[in-house]
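All remarks here apply to the structure that follows.
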Amino acid sequence: MNSVRIVLFSWFALYSYQAWSFAEPCQLVAQMAGNNEYQQQPTRIASLNSAQQLPKQWNLQLLENHGAWYVYQTEKPWFSKEGCAPLTKKSSLDGSTVLFMPVLLNKKTGHNAVITGTFIIKTYRQRDLAKVVNRYRFMPMSPLPNPNSMIVDVKPTQSYDLLIQALDRDKDVELALPLLSEPHPKR
């Protein structure tokens with residue numbers, strides 16, 4: 001009976017930790033990118049769509065444009081605490097679907113960094129890289145000079161934070177580092 005209680009308590013503690021472990025969306029992504037440099041921005045989103053292509057009732061304020069990305073300020077967070085992942089909304093203008101990505105703030109440059117859904121994955125052994133890619137259904141994008149690592153597209157996912165937790169517990173994964181899109185500092 002005691003072992004059943006321990007197992008149930010362990011399961012409940014694990015479940016509780018997973019369900020309530022985040023104070024804000026993209027907390028682990030910011031931590032992996034570097035907490036000293038990056039800060040979560042729950043009321044910022046990024047899209048490949050310009051402000052003219054978006055419905056006015058969404059009340060989005062354009063903050064900056066870099067590369068193909070338009071970064072907007074929202075009135076309230078669009079992502080849940082566990083929902084640090086791409087979000088789609090249907091446009092009332094033409095019925096098209098608009099994709100939005102979560103954003104971090106680079107505290108050193110003051111620019112916004114878009115969480116793109118691409119990660120560098122590094123395994124302990126080269127032979128495990130293909131297993132990890134298949135296990136999580138990642139799309140390989142680019143090999144890296146280190147044969148144990150690769151850039152992968154991790155979309156679709158329900159949460160980059162939960163994915164980072166899962167990869168952290170995976171015995172084959174040494175590193176899972178999210179790649180961000182942000183402007184290069186001017187020299």
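The values are calculated or read from the model by the stated rules, or taken from the named source; none is laboratory data. Worth saying up front: this structure is predicted, and the values here are computed from it rather than measured. Don't worry about glycine lacking a Cβ; one is built from the backbone with ideal geometry, like all the others, and counts go over all protein chains shown. Remember, those area values only see protein heavy atoms, side chains included, never the ligands or the DNA or RNA. Shrake-Rupley method; radii C 1.70, N 1.55, O 1.52, S 1.80 Å.
Among strands (runs of 3 or more DSSP E) entirely within the range 97-145, having at least 2 residues that are among the hydroxyl-bearing types (Ser, Thr, Tyr) singles out 112-123.
Total residues in the range 156-187 satisfying the condition of being touching a strand residue (DSSP E or B) at 6+ places or on another chain (Cβ under 9 Å), within 26 Å of residue 68 (Cβ to Cβ), surrounded by 15 or more Cβ atoms within 10 Å (Cβ to Cβ) and not hydroxyl-bearing (Ser, Thr, Tyr): the figure is 9. Check residue 152 against each of (1) assigned to a strand (DSSP E or B); (2) open to solvent by 10 Å² or more (accessible area, probe 1.4 Å) and name the one condition it does not meet. For residue 152, the failing item is (2).
Annotation: of all residues in the range 86-96 being in contact with a strand residue (DSSP E or B) (Cβ under 7 Å, 6 or more places away or on another chain) and part of a loop (DSSP other than H, G, I, E, B), the one that is surrounded by the fewest Cβ atoms within 10 Å (Cβ to Cβ) is 91.
Residue 121 satisfies every condition listed in (1) modelled with pLDDT of 95 or more; (2) open to solvent by 20 Å² or more (accessible area, probe 1.4 Å); (3) within 30 Å of residue 70 (Cβ to Cβ); (4) of a type outside the set (Asp, Glu) except (2). Only one of the numbered conditions (1) in contact with a Ser or Thr (Cβ under 6 Å, 6 or more places away or on another chain); (2) open to solvent by less than 60 Å² (accessible area, probe 1.4 Å) is not met by residue 102, and that is (1).
The rows are residues; the columns are (1) of a type outside the set (Lys, Arg); (2) within 20 Å of residue 28 (Cβ to Cβ); (3) in contact (Cβ under 8 Å) with a residue 40 or more places away in the chain.
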| site | (1), (2), (3) |
| --- | --- |
| 107 | no, yes, yes |
| 123 | yes, yes, yes |
| 138 | yes, yes, no |
| 142 | yes, no, no |
| 150 | yes, no, no |
| 155 | no, yes, yes |
| 159 | yes, yes, yes |
| 174 | yes, yes, yes |
